[in-house]
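Trainee: Can you keep this structure in mind? I'll have questions shortly.
The values are calculated or read from the model by the stated rules, or taken from the named source; none is laboratory data. Keep in mind that what you see is a predicted model, and the values were worked out from it rather than measured. Ideal geometry is used to build each Cβ from the backbone, glycine not excepted, and the neighbour counts take in all protein chains shown. Ligands, DNA and RNA are excluded from the accessible area calculation, which covers all protein heavy atoms including side chains. Shrake-Rupley method; radii C 1.70, N 1.55, O 1.52, S 1.80 Å.
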Amino acid sequence: MEWPLTSGDYIIGDTNSSVAVVTLASDYTAWELKNYAICGTCFSENFGIEKIIVNVLANPNIHCLIVCGEDSGHLAGQSLIALAENGVSTMAGSRKIAGSNASLPYLNEIPMTAISRFLREIKVVDLVGNKDPVAIQKVIDSCTGPKRIEAQIVSMPEVDEDSWRKYEQLIKQNVMSKIKRG
């Protein structure tokens, strides 16, 4: 199996490391971090988070995800933390990140079993807003624990600039319900 499974803006470190790092909208290349399996950005509260889940689950050595750096306008970091704390709610066939303040926090491209396993097996460390490489490195170095039992291979469709359009109806419903309440 070739790892990582999905494309993205990331670099591979030591694949035996137990740590994955997502720097959200911050440029990880300038931080010179080390001792991680994978380190990269995440800008979207849906497809980006799904790609993180797919890649983290596919490496059985990873059991810790550090979420750091400046959050994106899509609130990917806030959504990742909300996912770790609250999970997802299912309504009308969609899986929405409970507690997310983002516009499109839906995780519909990967199986629920993958989301459940991610929530059960991966420790998510909230450093959203922290851009101090020394402090982040200390947290990377402190993430220890047992390896997970096995990798979970999950596939998801390729994402392009129009992939979000499948959520247009949900956006309209959300806007209309806010207008009616307001």
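Trainee: Modelling each spin label as a point 7 Å along the Cα-to-Cβ direction, I'd like the ASP27/MET91 distance in nm, to one decimal.
Mentor: In this crude label model, ASP27 to MET91 measures out at 4.0 nm.
Trainee: When a/c reaches 1.5 or more, the comparison of a/b and b/c decides; with that in mind, is the stretch 59-131 rounded, prolate or oblate per its Cα gyration tensor?
Mentor: Oblate, because a/c is 1.5 or more while a/b does not exceed b/c.
Trainee: For the residue pair LEU119 and THR15, what label-to-label distance in nm results when each label sits 7 Å from Cα along the Cα-to-beta-carbon direction?
Mentor: Roughly 3.0 nm, to one decimal.
Trainee: Also, quick follow-up: Rounded to the nearest 10 Å², what accessible area does TYR36 show when all protein chains are kept and the probe is 1.4 Å?
Mentor: About 20 Å², ignoring ligands and nucleic acids.
Trainee: OK, next. What does the charge add up to near ARG117, with Lys and Arg as +1, Asp and Glu as -1, over the other residues with Cβ less than 15 Å from its Cβ?
Mentor: Result for the local shell: +2.
Trainee: Right, here's the next one. Run the paramagnetic zone check for LYS34: 7 angstrom along Cα to Cβ, then residues of the stretch 41-83 with backbone nitrogen under 20 Å.
Mentor: It comes to 66, nothing else.
Trainee: I've got another one for you. At a probe radius of 1.4 Å, what is the per-residue accessible area of PHE43, in Å² to the nearest 10?
Mentor: Spelled out: PHE43, probe radius 1.4 Å, area about 100 Å².
Trainee: Right, here's the next one. Let's see if you can work this out: charge +1 on each Lys and Arg Cβ, -1 on each Asp and Glu Cβ, no other charges. What is the dipole magnitude of the stretch 31-129 about its Cα centre, in debye to the nearest 20?
Mentor: 300
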